[in-house]
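Working notes, structure below.
The values are calculated or read from the model by the stated rules, or taken from the named source; none is laboratory data. None of the values given here were measured: they were computed from a predicted structure. Because the Cβ atoms are built from the backbone with ideal geometry, glycine has one as well, and the counts that use them run over all protein chains shown. To get the accessible areas, we keep the full protein, side chains included, count just its heavy atoms, and leave off ligands, DNA and RNA. Shrake-Rupley method; radii C 1.70, N 1.55, O 1.52, S 1.80 Å.
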Amino acid sequence: MILFPAIDLKDGKCVRLKHGDMATATIYNDDPAAQARAFEEQGFKWLHVVDLNGAFKGQSVNSAAVGAILKATRNPVQLGGGIRTLEQIEDWLDRGLARVILGTVAVRDPDLVRQACKAFPGKIAVGIDAKGGKVAVEGWAEASSLGVIELARKFEGAGVAAIIYTDIDRDGVLTGINWDATIDLADAVSIPVIASGGLASIADIVRMTMPDARKLEGAISGRALYDGRIDPAEALAILTSGPEKARAR
C-alpha cells in the first residue's frame, strides 16, 4: 500500500486547491524541488505531481518545475496535467518520469490511451476525476456524461498501470476520501486503483489497511501533509505494520 505525497504545480509553485478551483490556491512551497527532497527524506517512496496550469491549458506549462523535481529526488514520479499526445508522453518518459497520467485524453481519445499502453508498458495511468459520479475533464472545468466505472471499463485489458480516482467534491477540503465510491470502482475493474481527494487524517490511513481497501494500490495525500494533520512517520508505519503494531512502537 503506497501513500503518494502530492505536489500540485501552479505558476511554478507548490500549491493546493479546493474543489479544483484555481482561485483557491494556497501556496505551500515556492521551491517544488525542495519539497520533493523533503518528501523523500520523510520516507515516502513515490511522488505524485500535477501540472495544474497544464491541465487547464491542454499542454505542459510547469515543465521547468517538473524537471527540477526529477533531478531533486530518486523516488519514482508520476505526472498528470496537460499531457495529450504520444509525443508528449514519450518526451516525459525520456526525461525520467516513472508514469504518465492521462485524464482528459482518456475521455476524448481512449484509443490513444491504448496505443500509449502498448508503446510504453507499465508507464501509463488513467486519471478519473468525478463530480457527482460523472467524469470531469479539462482541469475539472467541464463535465462529461460518462460514469466513472463506465470509463474505467473501457481500459480493461489495455495495460493501464493504475487508475487514479479523485472525488472532486472532496478534493482539498479534508473531509475524508470517498471510500464507498473508490472501493466500488476497485471491485468493478482489475486495474489497480489509487484513491485521491479528501484524505484528511490518520483515520484515513488506518482505513487504507482495512480488508476491503487492501485491493487498492494506495492513496494520494496533499493538504493534510502540508498542514501537519498527518505525521509522515506515523502514517508510513501504519501502512507498513498495521495500526496496532504501529502504536506499539
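Below is a table of values for the structure above.
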read-out	value
Solvent-accessible area per residue, Å², over the stretch 2-240 with all protein chains present [probe radius 1.4 Å]	40 Å²
Rg to Rh quotient for the chain, alpha carbon positions, Kirkwood Rh	0.93
Among Val206, Gln88, Ala125 - extreme Cα towards positive end, dipole of the chain, charges at beta-carbon	Val206
Separation of the Glu87 and Ala203 label points, Cα + 7 Å toward Cβ, nm	5.0 nm
Full-stretch length increase - Lys118, Asp30 - with 0.36 nm per residue and alpha-carbon distance subtracted	28.0 nm
Fluctuation leader among Ser60, Ser196, Ser221 - the chain, Gaussian network, Cα springs under 10 angstrom	Ser60
Size of charge dipole - the chain - debye, nearest 20, with Cβ of Lys, Arg +1 and Asp, Glu -1, no other charges	400 debye
Taking N as its residue count, the alpha carbon Rg of the stretch 12-133 over 2.2 N^0.38 Å	1.05
Theoretical ellipticity at 222 nm over the chain - DSSP helices of four or more residues, -39500 (n - 2.57) apiece, nearest 500	-10000 deg cm²/dmol
